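The values are calculated or read from the model by the stated rules, or taken from the named source; none is laboratory data. This structure is a prediction, so every number in the text was calculated from the model and none was measured. Positions of Cβ are generated from backbone atoms using ideal geometry, with glycine treated the same way; all protein chains shown enter the neighbour counts. All accessible areas refer to the heavy atoms of the entire protein, side chains included, with ligands and DNA or RNA removed. Shrake-Rupley method; radii C 1.70, N 1.55, O 1.52, S 1.80 Å.
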Amino acid sequence: MDTVVSGIRSTGNLHLGNYFGALRNFTRMQHENRCFFFIADYHSLTTHPTPSNLHANVRQVLSEYLACGIDPEVATIYLQSDVPEVTELYLLLNMIAYKGELERTTTFKEKVRNQPDNVNAGLLTYPVLMAADIIIHKAHRVPVGKDQEPHLEITRKFARRFNTMYNTGTFPEPEAYNFGEKLVKIPGLDGSGKMGKSEGNGIYLSDDEKAIRRKVMRAVTDSGPDQPNQKMAEPIRNLFTIMQFVSEPDVIRHFKKQYADCTIRYGDLKKQLADDLSAFVAPIRERITEISANSEYLRKVVNTGRDKARESASKTVREVREVIGFRPF
Ligand code: TYM
């Protein structure tokens with residue numbers, strides 16, 4: 001049985017990018033694998049060092065995670081900050097991670113551009129903590145979106161390096177995974193780039209129908225095709241990409257044909273997309289509301305998850321200490 005680890009930062013509500021990039025199919029996955037799903041609350045401090053309400057953010061993401069179909073009786077769901085073994089492994093991995101390779105990580109370079117006034121060491125070593133998250137359970141597969149590919153590559157590198165340096169077979173080399181399909185990038189509604197928490201261009205799992213309609217109707221488009229079979233500009237392609245995840249194939253074919261013969265009206269396309277998104281999000285939103293109101297349940301989930309995660313993590317850390325050479329007197 002494979003071990004699967006997946007994480008999500010607690011920096012804002014979950015959006016469709018998170019859902020289709022990582023959370024989709026958890027319901028099925030958890031029965032076929034040994035699954036660990038966690039909330040990366042330490043990671044959130046690399047970009048939000050003084051969140052106004054860290055606890056509320058974590059609670060919201062936890063409720064949303066569960067609403068996507070995780071069964072805490074089957075999978076292990078926990079908070080990163082509840083498992084101190086992760087930070088111990090992070091420290092040990094930092095000794096075999098080099099400044100140059102961390103500085104070259106694309107995600108680090110991006111963050112340096114985005115937050116030049118807060119280039120902290122946590123940001124530089126973000127991939128080391130992420131590697132610790134993953135290999136602490138000896139994961140084989142990591143469900144993630146396309147944006148996390150560089151992090152998985154560096155995780156494999158650290159696992160390999162540890163095994164070589166200490167002449168051991170402690171860690172498998174984990175693969176980025178999207179349920180047998182290619183890794184995905186869900187675009188935003190603002191014409192370019194990916195849907196993201198910080199980009200403000202997302203449809204959230206907690207959005208109601210009105211909010212979804214407003215956002216979709218405002219999505220960036222162009223002036224429309226003026227010759228048959230014209231190549232689609234990025235904003236239009238993006239709308240079709242989102243459609244692929246929530247609309248029926250017939251509906252997509254219909255609008256693609258209209259685009260090809262220049263009869264398309266973007267207003268109709270958006271109306272359809274808003275309907276399909278609303279229908280998709282509604283049941284998840286209802287579950288979020290239900291779960292987030294149940295403090296007793298959330299407390300139980302977190303406590304059980306912490307114990308199960310620590311059991312697995314402490315086993316690995318014990319082995320790692322032994323391999324490196326820390327021994328009891
Ligand atoms: P985060 O919190 O940014 O996103 C969580 C998951 O959602 C995916 N995702 C997307 N997928 C497709 N299209 C998008 N527009 C999109 N936006 C987000 C991400 O790829 C991710 O899978 N570094 C991680 C958190 C993390 C982690 C880990 C993940 C920490 N430790 C260990 C896996 C394993 C992150 O920032 O994800």
Full-extension gain in nm, ALA121 to ARG299, via 0.36 nm per residue minus C-alpha separation: 60.9 nm
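For the chain, what is the calculated [θ] at 222 nm in deg cm²/dmol (nearest 500), taking -39500 (n - 2.57) for each run of four or more DSSP H residues and dividing by its residue count?
Working: 14 runs with 172 residues, N = 329.
Mean residue ellipticity, 222 nm, calculated: -16500 deg cm²/dmol.
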Mean separation of Cα contacts under 8 Å, 6 or more apart, over the residue count of the stretch 190-329: relative contact order %: 28 percent
Cβ charges +1 (Lys, Arg) and -1 (Asp, Glu), total dipole of the stretch 209-288, debye: 280 debye
5 Å binning of all Cα-Cα separations within the stretch 209-288, expressed as whole percents from 0 upward: 3, 15, 26, 26, 16, 8, 4, 2, 1, 0
Highest average packing first - 94-103, 212-221, 152-161, 36-45, Cβ atoms within 10 Å: 36-45, 152-161, 212-221, 94-103
Accessible surface, the stretch 197-274, averaged per residue in Å² (probe 1.4 Å): 57 Å²
Residues SER52 and THR289, FRET efficiency given R0 of 22 Å [Cβ-Cβ distance, rounded to 0.05]: 0.50
Taking the chain and dividing mean pair separation by its residue count, relative contact order in percent (alpha carbons under 8 Å, at least six apart): 23 percent
Net dipole in debye of the chain [+1 Lys, Arg Cβ; -1 Asp, Glu Cβ; about Cα centre; nearest 20]: 420 debye
Length added when fully stretched, ASN167-MET95, from 0.36 nm per residue minus Cα-Cα: 24.3 nm
Segments 176-182, 49-55 sorted - mean Cβ within 10 Å per residue, highest first: 176-182, 49-55
Linear extension gain, LYS256 paired with LYS146, 0.36 nm per residue minus alpha-carbon span: 37.1 nm
Acute angle (nearest 10 degrees) that the helix 126-135 long axis makes with the longest principal axis of the chain, alpha-carbon atoms: 70 degrees
Whole-Å distance, taken between Cα centres, linking the stretch 120-177 and the stretch 292-329: 18 Å
Mean Cα-pair separation over length for the stretch 209-288, i.e. relative contact order, pairs under 8 Å, 6 or more apart, %: 45 percent
Positive-pole candidate from ILE264, ALA233, ALA211, dipole of the stretch 209-288, charges at beta carbon: ALA211
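Step through the table entries LYS109/LYS138; LYS146/LYS197; LYS138/LYS182, compare each Cα-Cα distance with 18 Å, and write down the pairs that go over it. All intermediate terms of the calculation are to be shown ahead of the outcome.
Values: LYS109/LYS138 28 Å; LYS146/LYS197 15 Å; LYS138/LYS182 23 Å.
Pairs exceeding 18 Å: LYS109/LYS138; LYS138/LYS182.
Quick check on the stretch 91-198: take the gyration tensor over C-alpha atoms, sort the square-rooted eigenvalues as a ≥ b ≥ c, and tell me if it's rounded (a/c under 1.5), prolate or oblate. Could you put the intermediate results ahead of the total?
Details: a/c = 2.79, a/b = 1.30, b/c = 2.15.
It comes out oblate by the Cα gyration axes.
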Under the Debye formula (equal points on every Cα, no solvent term), log10 I(q)/I(0) of the chain at q = 0.06, 0.09, 0.15 Å⁻¹: -0.23, -0.52, -1.26
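Under unit Cβ charges (Lys, Arg +1; Asp, Glu -1), what dipole magnitude, rounded to 20 debye, does the stretch 18-120 have relative to its Cα centre? Don't skip to the answer; put the middle values down first.
Details: 9 positive and 12 negative charges, 78 e Å.
So the dipole magnitude of the stretch 18-120 works out to roughly 380 debye.
Determine, for each peptide in 64-76, 108-120, the mean count of other beta carbons within 10 angstrom over its residues, then list the peptides with the highest first. Don't skip to the answer; put the middle values down first.
Numbers: 64-76: 19.8, 108-120: 12.2.
So the peptides 64-76, 108-120, ranked by packing, come out 64-76, 108-120.
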Gap separating the Cα centres of the stretch 5-77 and the stretch 196-270, nearest whole Å: 28 Å
